[in-house]
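Asks: The structure's right below; bear with me while I get my questions together.
The values are calculated or read from the model by the stated rules, or taken from the named source; none is laboratory data. Here the structure is a predicted model, which means the values were calculated and not measured. Don't worry about glycine lacking a Cβ; one is built from the backbone with ideal geometry, like all the others, and counts go over all protein chains shown. Protein only, heavy atoms only, side chains kept; ligands, DNA and RNA dropped before computing areas. Shrake-Rupley method; radii C 1.70, N 1.55, O 1.52, S 1.80 Å.
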Amino acid sequence: MSLEEIRDIRKKKSDDLAGAMAVYPIDSNLDSNIVDVIAKWSANDGKTKDVTIGGRVMAKRGQGAIFFADLYDGTASIQIVLKKDSIDDAKLTLFENTIDIGDFIATSGTFFITKRGEKSMEVHDWKMLSKSLRPLPEKWEGVKDAETQMRQRYLQILTDEEVKNKFIKRINIVSEIRNFLTKADYLEVETPMFHPLYGGASAIPFTTKYEALDSEFYLRISPELYLKRLLIAGFPKVFELNRNFRNEGIDVTHSPEFTMLEFYSAYETAKDQRDFTEKMIKQIVKKIHDANSFANNGNIISVEGDFEVVSYFDLIQKNTGITNPQNQTREEVAIEAERLGVKVDREDSVSKIWDSIYKKHCRPKLIQPTFIIDYPAVMLPLAKRKMENPDLVDAFQLVIGGVEVVKAFSELNDPIDQRKRFEEQEKTKKLGEKDAQSLDEDFIEAMEYGMPPSAGVGIGIDRLVMLLTDTHNIRDVILFPTLKPKK
């Protein structure tokens, strides 16, 4: 039978039912959810008065004088039983002829234990809450097609407990992060999603027309420059859990719309934030897994003890055999990249080439938590230079399971140096590097009023959830990922 034929049959049942009761009533008039009712019933040794619960019919069986159904309300499931001597004959007939799997109903009755030992409700009355016109996927088969899983995530969650629990873990991870930062005296703030000039990261933006202002705006690629303005304003510690948008490729670790955590603290350094971040990651792992280790991609990742720390160029030298890498010219680095099978485009800067080498030959090998420090200044134009070596910046990344989870640095607060660094980025952009950052005069003006020494951290929430749930595609941890529209 086709989907349209099934829909027509269910629509006919809905019409038939409408003569006896409301098919989509406003009020549910429930006494409790199922999990609480079961708990109270167990605490009272099975003695209950009539209660009213509601939920979706997930299974239906029986005929004639007795019917069984499984009712699920999102908190728990329970078997309901409708018997000829316990409910009005007309209501029993209506249930038999009009109820389908997927319908939402409310049932009133008492609880008992069947001969098989199953806690059940003996139904004395029921009413429709919402008629389902389309059939649900078979629960034991679920939603198999990968694209359908993402387009109709609601069906996948409904029929796959493992998927549902993964997204609950995501919610718990975000909640734990909020609690951790709030207890450390960080203030949660909100900054604009529409930016007159994109910045705060090296990325290609989405553009949009703001009709009321007759101006072109960009969807946020990072909240960094606005959060730093709040440090200038006098807030000592701020954070934002935000949606970012980058008009770039889609792969297993990249989504054009994604969730970031960024937090900034005045009067602290990258080293301070490194210690703070390590403590946060350890607490989240303990909270989510009730252990100091977890499985990921066939590896057991441990967060016990101090995380390893390695410098960027030492890591490259160790994994590629390139000697003295930080002193090589662009041409020399391009030759090394070719030897290592790394593609180089004509417009790529030396830092871009280094980054490509690192991503192919270094990062995948970092399975246990590892902090990478001492990045070239040209790679991070918003980071403060190291006092002992101005060619490097005071920054770190945290890589776990071969995936970059955290990027952080001591924030550049010298407006003269910031202008120079932005100007260098502008030159790179003119040479063809599309994701180079722009010169932001408004931000430099704010910085000239005085910005305290500070350090900031960015954490990709989607990647962190992937890591902690042993998931291997970023779209599988985003409830409704961006997909190409159906034709």
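Asks: Could you grab me the full set of residues in segment 383-401 that are closer than 25 Å to Val344 by Cα and either open to solvent by 20 Å² or more (accessible area, probe 1.4 Å) or in contact with a Gly (Cβ under 9 Å, 6 or more places away or on another chain) (or both)?
Replies: Within segment 383-401, Asp391, Leu392 qualify.
Asks: Of all residues in segment 407-430 being open to solvent by 20 Å² or more (accessible area, probe 1.4 Å) and in a loop (DSSP other than H, G, I, E, B), which is farthest from Arg274 (Cα to Cα)?
Replies: My answer is Asp414.
Asks: Taking segment 168-185 only, how many residues are over 17 Å from Gln283 (Cα atoms) and surrounded by 18 or more Cβ atoms within 10 Å (Cβ to Cβ)?
Replies: Matching residues across segment 168-185 total 0.
Asks: Within the group Ile335, Ile322, which residue is crowded, with 19+ Cβ neighbours inside 10 Å, hydrophobic (A, V, I, L, M, F, W, C) and at pLDDT below 95?
Replies: Ile322
Asks: Let me ask something else about it. Could you tell me whether any residue of segment 358-372 is surrounded by fewer than 20 Cβ atoms within 10 Å (Cβ to Cβ), modelled with pLDDT of 95 or more and part of a loop (DSSP other than H, G, I, E, B)?
Replies: Yes, there is a match, as at least one residue in segment 358-372 is surrounded by fewer than 20 Cβ atoms within 10 Å (Cβ to Cβ), modelled with pLDDT of 95 or more and part of a loop (DSSP other than H, G, I, E, B).
Asks: Pick out the one residue from Ser410, Ser454 that is more than 22 Å from Leu315 (Cα to Cα) and among the hydroxyl-bearing types (Ser, Thr, Tyr).
Replies: The match here is Ser454.
Asks: Moving on to the next point. Glu411 - would you say it is touching a helix residue (DSSP H, G or I) at 6+ places or on another chain (Cβ under 8 Å) and closer than 30 Å to Ala295 by Cβ?
Replies: Details: touching a helix residue (DSSP H, G or I) at 6+ places or on another chain (Cβ under 8 Å): yes; closer than 30 Å to Ala295 by Cβ: no.
No.
Asks: Here is a follow-up. Suppose we filter segment 193-237 for residues that are open to solvent by 40 Å² or more (accessible area, probe 1.4 Å), in a loop (DSSP other than H, G, I, E, B) and within 24 Å of Arg421 (Cα to Cα); how many remain?
Replies: Number satisfying all stated conditions: 5.
Asks: OK, next. Can you find a residue that is out of contact with any Phe, Trp or Tyr (no Cβ under 8 Å at 6 or more places or on another chain) and outside any helix (DSSP H, G or I) anywhere in segment 162-183?
Replies: no
Asks: Follow-up. Looking at segment 327-357 only, could you name the residues that are under 36 Å from the mean Cα position of the chain (by Cα) and polar (S, T, N, Q)?
Replies: Passing the criteria: Ser349, Ser351, Ser356.
Asks: Another question, if that's okay. Any idea how many residues of segment 288-337 are small (Gly, Ala, Ser), under 26 Å from Ala270 (Cβ atoms) and in contact (Cβ under 8 Å) with a residue 40 or more places away in the chain?
Replies: 2
Asks: Additional query: Is there a residue being out of contact with any Gly (no Cβ under 8 Å at 6 or more places or on another chain), among the polar types (S, T, N, Q), open to solvent by less than 70 Å² (accessible area, probe 1.4 Å) and at pLDDT 95 or above anywhere in segment 148-162?
Replies: No - not one qualifying residue is present in segment 148-162.
Asks: Taking only pairs six or more apart or across chains, which ones have beta-carbon atoms under 7 Å, a first residue in segment 449-475 that is touching a residue at least 12 places away in the same chain (Cβ under 8 Å), and a second residue that is in a strand (DSSP E or B) and of a type in the set (Lys, Arg)?
Replies: Close Cβ pairs satisfying both conditions: Gly458/Lys407.
Asks: Would you check which residues across segment 254-299 are over 19 Å from Ile474 (Cα atoms) and assigned to a loop (DSSP other than H, G, I, E, B) and list them?
Replies: Tyr267, Glu268, Thr269, Asp290, Ala291, Asn292 - these are the residues of segment 254-299 that are over 19 Å from Ile474 (Cα atoms) and assigned to a loop (DSSP other than H, G, I, E, B).
Asks: Only one of these is assigned to a loop (DSSP other than H, G, I, E, B) and either open to solvent by less than 10 Å² (accessible area, probe 1.4 Å) or in contact (Cβ under 8 Å) with a residue 24 or more places away in the chain (or both): Glu433, Glu404. Name it.
Replies: On the way: Glu404 fails: assigned to a loop (DSSP other than H, G, I, E, B).
Only one candidate qualifies: Glu433.
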